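We did not get these values from a lab; they are worked out from the coordinates using the rules stated. Computed from a prediction, not measured in an experiment: that's the story for all the values here. Neighbour counts run over all protein chains shown; Cβ positions are idealised from the backbone, glycine included.
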């Protein structure tokens, strides 16, 4: 990734900013687990209002991370960037390992 253009840096920053929200992380996690969901399904599963879910999905869509297809009066959202799942697994795995190490250090001095 050497010699990244300014445009590429801007795109990366926008994508990371889009992910830097607890609700959006939960939305991404839900979409990774279920494949495609409507706003209503996500709102019910996450116990968040539909307007809030829609706002977060719009931010993720603007960052190029999710897309939707219209089926009747429903929009079905899905992850469109396959590297997003790899990134989440990598980061979540690192966080899990750090938490386990901290727990072990406290429980087994």
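Could you please let me know if residue 91 is surrounded by fewer than 13 Cβ atoms within 10 Å (Cβ to Cβ) and either under 15 Å from residue 26 (Cβ atoms) or in contact (Cβ under 8 Å) with a residue 12 or more places away in the chain (or both)? Walk me through it before giving the result.
On the way: surrounded by fewer than 13 Cβ atoms within 10 Å (Cβ to Cβ): yes; either under 15 Å from residue 26 (Cβ atoms) or in contact (Cβ under 8 Å) with a residue 12 or more places away in the chain (or both): yes.
So residue 91 fits the description; yes.
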- [ ] Quick one: which residue in 102, 47, 43, 51 is surrounded by 14 or more Cβ atoms within 10 Å (Cβ to Cβ), over 13 Å from the mean Cα position of the chain (by Cα), farther than 21 Å from residue 11 by Cβ and without any contact (Cβ under 8 Å) to a residue 12 or more places away in the chain?
- [x] 43
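Go through segment 54-70 and count every residue that is crowded, with 17+ Cβ neighbours inside 10 Å and over 14 Å from residue 21 (Cβ atoms).
First, the residues of segment 54-70 that are crowded, with 17+ Cβ neighbours inside 10 Å: 56-57, 59-60, 63, 65-66, 68.
Now narrow it down to the ones that are over 14 Å from residue 21 (Cβ atoms): 68.
Looking only at that region, the number is 1.
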Task: Restricting segment 9-29 to residues that are without any contact (Cβ under 8 Å) to a residue 24 or more places away in the chain and over 15 Å from residue 87 (Cα atoms), the residue that is nearest to the chain's Cα centre (by Cα) - done: 22
- [ ] Considering each residue of segment 71-88, count those that are surrounded by 11 or more Cβ atoms within 10 Å (Cβ to Cβ) and farther than 21 Å from residue 8 by Cα, and give that number.
- [x] 5
